[in-house]
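Enquirer: Right, I'll just put the structure down here and ask away after.
The values are calculated or read from the model by the stated rules, or taken from the named source; none is laboratory data. It should be emphasised that the depicted structure is a prediction, and the values quoted were computed from it without experimental measurement. Every residue, glycine among them, receives a Cβ derived from its backbone with ideal geometry; neighbour counts consider all protein chains shown.
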Amino acid sequence: MGAEVGVRLDEGVLVVTIDRPAKKNALTAQMYVALAEAIAEADRRDDVRAVLLRGEGGNFSSGNDIGMFVTGDAAAHRELSAATFLHAMTSLRKPAVACVCGHAVGIGATVLLHCDYVVASDDARVRFPFVDLGLCPEFASTLLLQHVVGRNKAAEWLLLGAPIPAAEAHLAGLVNRIVPLDMVEEEALSVAKRLAVKPREALLATRGLIRESTVELVEARLQREGIVFDTLRRSREAQDIFQQFLQREPAAASSRV
Ligand code: COA
């Protein structure tokens with residue numbers, strides 16, 4: 001496993017940690033591959049009954065590493081490795097809990113739609129910044145978000161791209177539970193452990209039934225979004241926006257979100 005993705009087993013829970021705090025846990029191609037391997041391992045291993053996805057250093061994830069969107073070999077590698085991770089998440093049969101604190105941006109937000117239970121700290125902020133980046137949303141979020149929060153709220157979040165405070169995400173149904181920051185890790189692990197001791201076959205069957213009606217739609221939407229996303233990513237409009245982010249003054253950062 002790459003150094004920037006950690007994996008440990010804790011009483012039947014595979015704790016998968018995004019660990020690149022200096023970059024607010026922005027995800028590189030190597031990290032997508034490591035995350036995909038971790039999720040596939042969770043699916044395969046009999047001693048793993050649930051997954052907990054978390055970020056190190058006070059943030060969940062700032063999303064895709066924007067440097068990897070810039071046209072070139074890195075972008076092609078990103079496409080493939082990100083797709084591997086998306087596929088691992090959508091194929092996972094076991095329940096996944098997300099522990100969200102600080103920023104959950106881009107794929108750090110859309111991955112929540114593939115988890116079964118989201119625990120957030122009161123400081124957490126979720127953001128879908130795709131349009132502002134010259135992109136379209138991914139991870140079947142154009143389909144799943146409206147199932148979770150309703151069409152108009154999904155349109156507001158995806159089109160305007162403003163940061164969503166934890167309380168609003170909770171009220172809208174994206175987050176199951178909000179707890180104070182110093183309790184968020186403990187609470188998320190506790191939920192995952194509660195899932196891990198449930199009767200195995202009944203738990204997997206029920207989870208499968210909850211998802212059954214959207215499985216094929218999700219696969220089709222992943223492919224469709226992937227085509228639009230890649231076309232937009234190559235556009236002059238988007239490439240200029242990526243360069244602006246990469247060349248900005250440090251002080252400009254916090255005003256973005
Ligand atoms: N890709 C690449 N680098 C990123 C990144 C990303 N998605 N998110 C953060 N970083 C880097 C910053 O460039 C900075 O690097 P530096 O220290 O070498 O200058 C470092 O991580 C710290 O980020 P900074 O912006 O200074 O932190 P902040 O607390 O002021 O703001 C965010 C945090 C998440 C609000 C802000 O970094 C941000 O908006 N990131 C981009 C999020 C995004 O649009 N993701 C793409 C989704 S498709």
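Here's the yes/no breakdown for (1) within 11 Å of the ligand (Cβ to nearest atom); (2) modelled with pLDDT under 95; (3) more than 21 Å from the chain's Cα centre (by Cα); (4) not β-branched (V, I, T):
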residue	(1), (2), (3), (4)
R194	no, no, yes, yes
A205	no, no, yes, yes
E219	no, no, no, yes
R224	no, no, no, yes
A238	yes, no, yes, yes
S255	yes, yes, yes, yes
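Enquirer: Residue by residue through segment 162-185, note down the ones that are surrounded by 15 or more Cβ atoms within 10 Å (Cβ to Cβ) and without any contact (Cβ under 8 Å) to a residue 12 or more places away in the chain.
Expert: Within segment 162-185, just E168 meets the criteria.
Enquirer: Here's a follow-up. Please indicate, with yes or no, whether at least one residue in segment 132-141 is more than 11 Å from the ligand (Cβ to nearest atom), closer than 24 Å to R194 by Cα and buried (at least 23 other Cβ atoms within 10 Å of the Cβ).
Expert: So far as segment 132-141 goes, no, none of its residues is more than 11 Å from the ligand (Cβ to nearest atom), closer than 24 Å to R194 by Cα and buried (at least 23 other Cβ atoms within 10 Å of the Cβ).
Enquirer: Could you check segment 98-120 and list, in sequence order, the residues that are buried (at least 24 other Cβ atoms within 10 Å of the Cβ), in a strand (DSSP E or B) and over 12 Å from the mean Cα position of the chain (by Cα)?
Expert: Those that are buried (at least 24 other Cβ atoms within 10 Å of the Cβ), in a strand (DSSP E or B) and over 12 Å from the mean Cα position of the chain (by Cα): V119, A120.
Enquirer: Here's another thing I want to ask about it. Residues L143, L135, L189, L159: which one is in contact (Cβ under 8 Å) with a residue 40 or more places away in the chain and either more than 23 Å from F85 (Cβ to Cβ) or not in a helix (DSSP H, G or I) (or both)?
Expert: None of the other options fit; the residue is L135.
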